[in-house]
1. List the number of the failed condition for C:G252; all other conditions in (1) at negative phi; (2) modelled with pLDDT under 90; (3) not β-branched (V, I, T) hold.
2. How many residues, within region C:315-352, are within 14 Å of C:D377 (Cα to Cα), aliphatic (A, V, I, L, M) and in a strand (DSSP E or B)?
3. Please specify each residue of region B:168-183 satisfying the condition of being without any contact (Cβ under 8 Å) to a residue 12 or more places away in the chain, closer than 26 Å to B:I123 by Cβ and away from chain C (no Cβ under 12 Å).
4. Which one of the conditions (1) surrounded by fewer than 18 Cβ atoms within 10 Å (Cβ to Cβ); (2) out of contact with any Asp or Glu (no Cβ under 6 Å at 6 or more places or on another chain) does C:L331 fail to meet, given that it meets all the rest?
5. C:Y223: assigned to a strand (DSSP E or B), over 18 Å from the mean Cα position of the chain (by Cα) and of a type outside the set (A, V, I, L, M, F, W, C), yes or no?
6. Tell me, which strands (runs of 3 or more DSSP E) lie completely within region C:451-547 with 1 or more residues that are of a type outside the set (S, T, N, Q) and either within 30 Å of C:I212 (Cα to Cα) or modelled with pLDDT of 90 or more (or both)?
7. If you check C:Y448 against the conditions, is it facing chain A (nearest Cβ under 7 Å), within 26 Å of A:I277 (Cβ to Cβ), touching a residue at least 40 places away in the same chain (Cβ under 8 Å) and among the aromatic types (F, W, Y)?
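The values are calculated or read from the model by the stated rules, or taken from the named source; none is laboratory data. What you see is a predicted model; the values in this text were computed from it and never measured. Quick reminder, even Gly has a Cβ in these numbers, built from the backbone with ideal geometry, and neighbours come from all protein chains shown.
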Amino acid sequence: MSMERYILSRVIQIIIIFFIVMSIIFLLFRVIPSDPTSFLLTPSMTAEAKEAIREQFGLNEPIITQYYLYFKNFFHGNFGNSFYGGRSVMNIIKERMLNSIFLVTTAVILSYIIGITVGKAIAWKRGSKTEKFFVGLGLWFYTMFTPWLGILFLWIFAFKLHLFPLGGMITSEVWIANPSLIEKICDLIHHLILPLITYVVLWFGGYMLLMRNSMLETLREDYIITARAKGLKEKDIRDKHAARNALLPIVTAFAISISFSITGAVLIETVFSWPGIGRTIVEATLRQDYPLVQGAFAIITIVVLIANFIADIAYAYLDPRISY
Amino acid sequence: MKKKKWKLIRQIWDLIRGSTFIKLGVSIIIIFGIMAVFSPIWVNRNPEIYDPIIGVDPDVHGSEGPSLKHPLGTDYIGKDLFSQLLRGSQIAFILGIMVSVLSTTIGTIVGLVAGYYGRIVDIILMRLADIILTLPRLPLLIVISGIFGTQSNWIILLILSFTFWPTISRVIRSQTLSLRERPFIESAKVSGVGNRRIILRHLAPNVLPITFYYLTVTVTGAILVEAGLSFLGFGDPSNMSWGMMLKWCFTTGYVFKAPYWMIPPGLCISALAFSFYLIGVGLEEIVNPRLKKR
Amino acid sequence: MIMRHDLITILKVKKMRVKKLSTGLTLLIVFAMLFSTFGCISEKEETPAPTTAAPTTAAPTTAAPTTAAPKVYEGLILPSGEKMAPMEILTLTPGADPTLNQEAVFIAEWWKKIGIDVEAKAMEKGALVQKIYWDRDFDATLWYIGGERFPLYLQYYYCEDEIYQYGWNFMQYRNPEYDSLSSEWLSIFDLDKAQERAFELQEMLAEDNPQIPLISDTKLTAYNNKKWEGWINQYGGVAGFDSMCTIDPVGGDTDNDILKIGLLKEPDTLNPLGTGFTETWTIINKIYCGGMWNPPTALYRYAPVSGELIPFLAEGDIEYDDATNTAIVKLKKGIKWHDGTELTAKDIKFTVDLMKEFEVPNYQDSVGFIDKVETIDDYTLKYYLTNKTVNFYHKTMMMIILQERKWSQIAEGARRKVDPTEYLTQCQITTPMGAGPFKFVEWKRGSYILLEKNPDWFFKDQTLPMGNDKLKYDLKVDKILFKFYASSETRILALKNGDIDICTIPAADIADFEADPDMTILEWGNDWLDFIGFNCTKPPFNDPAFRKALHYLIDKEFLVDKLQQGYAIAQYSVIPAINTFWCNPDCPTYGMGMSMEERIQKAIEILKGAGYTWESES
């Protein structure tokens, strides 16, 4: 199979998966045993008013009609309106998604750089105490309970030491005073640092281990042995030969980890009051705002699908050994 | 026979002794195991006071710090935190192990079947795995928990197993694919051995090392995800898992006031998850020769 | 959550050696055995726990152990001869409401003591509403009620008209006598007579027990006493409308005094027609006139502390004509909208017409009985009612007022839509136009909402009596900044850090805040109460004697002392005791002051009298 045909088949598969996943999402939200309008009721409503609310959300339509409308609206970029306040779901998601991407991409890039650097170094020192220590440390943070560490950091750095704000994305007081662009950016970064640190501390271990393992496998390859035999400098072998090749699988992991991270940010966003997509999904689920949950969920799924696709293609492109 | 058994145990012992990671991991697990076993003993002395859900110490007012009667103090109603912690270790073990056994079993079987039969079976099963992998895990769990309306650990267990198996089956499948081309499978086929027998007798034993790795690593995932769900408010309220303990500490406003309440469950979640992952990494080093010392 | 093996899966498949297979396998077996042992032990030893627990029925409130071994009652048998089926108390999850959840857990424990098989079951709010309001598929539920200064629910919660599927009377309480008395109550305008009747109604409910009132909590609000002073502790809270118009900055008035308030939820919209959310109303109340939750300040309002109905935008009393069911309301002159135009009777007529035309769901109880409204002149309105009801005073007169100039355009747009009501209630109002003390400035989604004071507010520098004092509405707050926090912990830290000026705190924080010289704590009674509602159509819950016996078993003092650490009031009437005018203080206090032993004795006595028996007896 040629590369083109491989890509084509992946595209077709992804489209099929997309439709199935979207149908699953649709079904998920129709079998709900609870009444989504329950939160909108106030004592002032009469019987007719309550019935009208149910109708308003199209809950009384036959399911086939709902299914058809669902896809039709989806391709028009219309996810309906939120049960709360009637804002367009698409607008809410756009706004929240940007916030999430801002936090997550920075965090992933940073943990990548740190993970790869440390991973490279400890693979070289295979079997030493340093290696064991770093692997243990990385794993310890990697398996740490995210909100717990977040709260600890918040308490130490924000509350006790007053180094960082107590969450949120911006300082309201700064923004209402008509700040300049630079002030705005500084303020954003100030808020970004603590969730970022938490993120990196928690996740660098995963990339570190990945890099270490990849590196160890590369070190067994013939060309490294040849390089050794040629008497090249250890540092050169490590950085120029081994690390470069070991990076291959890890670079392709990048796309996937970003998509994973967006969903994984749920806990960090909750702890640090970060108005991102993860927190949106939690809040919307808790108050049964189904159009919003459905929309957010669909968007996240699409992002994951695209990222997986890119990773597949990149991997196929970078690694000639793959059999299509 | 007896001698053989001894040899086996010795072998395991040597293995564990050889790997710092496994040593550390197993010792942490043993500590928690003791806690889980000790739980009923601690509670049954006086369930009126020590029951983790309904036991209330009438002499306590509000959350009180550690004392002789309550080694970890009490929560805001006067429930013993130590017995909650003990009960939590039981739940973590049961939930973690069950999720990991269930999802690893499903994953291994699906992987073997898909890899061995290939063609349409492979396509269907692997696309199914793809679909589940595509659905983002934590949001999916949140949505499903929300949909069920009531949360119980059984539902959490099922959903967790449901979302964990595709990862495993993918790896097992590729492993099976390469094994299928090996001469010993070919010869078994030629000599007329049935498909089921080939899978069970020839393929399954060969993929078991990977299965073990995932068996331990999935426990970590299950423990962390359950705790995360509980923290977000989607946990089983009728049970006192560590995640629920933290949730209670949060909802009643004791996070920064009662370190004796906030620190132990978080530490336990992290430590138990850590220990299982350590064993996973240890196993990986043993079974993957490329990671061994030069 | 990203797992490393997810990445591995997709990227590289390990070639693993088979050599160490046997060792790995044994490892697995050892693990599996280890774990299953734990599982078995815990399962086995857990089951006998309840039975061993049952005999030692030491009352949770009384520390002293009972001397004689108390009798154990098991397997309640109904008068019909059947064994009572297992029952559930439905309630919210601890995340949604920890107090309700724990109340259910303990009440289930107490009810078990007379041989009922009962479990507390936690559900999400939507699922719970579906079960009790829609499907009517429940035995008993823990729920809350209140929030009305004038407790109209005394009628609609218990009347037969509301038994239909989505109706409010989910308990399906049927009592024709109560129905006629309560609907009559709605047309009694004389306050003293109305109070008398309300007392009577409450006594009937207390006797019949379709629901058991439990407790209502005492809220704690802490504020930074170095920033603002003069907070008014009144019915419904501290940081309310009146406080924000009257508080003074500590250390002198400047031109830029910002009041910072932390909210746990972001408001959903600024459209007053489409929301019942309390967070939204705390903001909308300041911009518009009138509203939904306490304290609405429209044509009329409740006086700051005493709670009587006083004119606000209106001038003088309502002239109600009993013969024709018409009312004349006069408006103050010179009330300005935020854009400088005058608020006249036309705007009010427009609002009522709009609500009627589009059948806006949230306001049907305010306009449903209004035939039409006429404007006699710019400052006088005449209402024609179809029937005489107190809703006119307590709903219509408190209803929000919309500006005709702005809303006639929106209504015009709505008329052209397929679903006009949906459009009207869901349209986005980016610049709300009101006549309230504060103007809308900016909403940064996810972060804050900023309001600034309206110097032309009609009530500026005027006073209202409050006890012996006078409350001066001098608007010292130049700006209000509402900030959003994801959790109450961070909000409390923000208060300590000085990022916000006031917020409610849990009982856990009292000692901390009392020790802080910058902080002052105010206590105020919540006007919501928790109750257990029974499904009054399902045996044995249709038996008043059975319900009364269950009422005796509930140790409300325990709920107050332990669950709320003393910051609550035990309730015996369906109207919270904080509502001193309407709450009947003489409702029977079932089991007050009794020990658990006495409570069980009493319950058994009642049940035996009604023909119940026990399996353990026969």
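1. Unmet for C:G252, out of (1) at negative phi; (2) modelled with pLDDT under 90; (3) not β-branched (V, I, T): (1).
2. Number of matching residues: 3.
3. The one that is without any contact (Cβ under 8 Å) to a residue 12 or more places away in the chain, closer than 26 Å to B:I123 by Cβ and away from chain C (no Cβ under 12 Å): B:E181.
4. Condition not satisfied by C:L331: (1).
5. Judged against the criteria, C:Y223 is a match.
6. Correct list: C:479-484, C:502-505, C:519-525, C:528-534.
7. It is false that C:Y448 is facing chain A (nearest Cβ under 7 Å), within 26 Å of A:I277 (Cβ to Cβ), touching a residue at least 40 places away in the same chain (Cβ under 8 Å) and among the aromatic types (F, W, Y).
Rundown of residues vs (1) surrounded by fewer than 20 Cβ atoms within 10 Å (Cβ to Cβ); (2) in contact with a helix residue (DSSP H, G or I) (Cβ under 8 Å, 6 or more places away or on another chain); (3) at pLDDT below 90; (4) not acidic (D, E), yes/no style:
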residue: C:Y173; (1), (2), (3), (4): no, yes, no, yes
residue: C:P176; (1), (2), (3), (4): yes, yes, no, yes
residue: C:S180; (1), (2), (3), (4): yes, no, no, yes
residue: C:A194; (1), (2), (3), (4): yes, yes, no, yes
residue: C:F199; (1), (2), (3), (4): yes, no, no, yes
residue: C:A206; (1), (2), (3), (4): no, no, no, yes
residue: C:P210; (1), (2), (3), (4): no, yes, no, yes
residue: C:L214; (1), (2), (3), (4): no, yes, no, yes
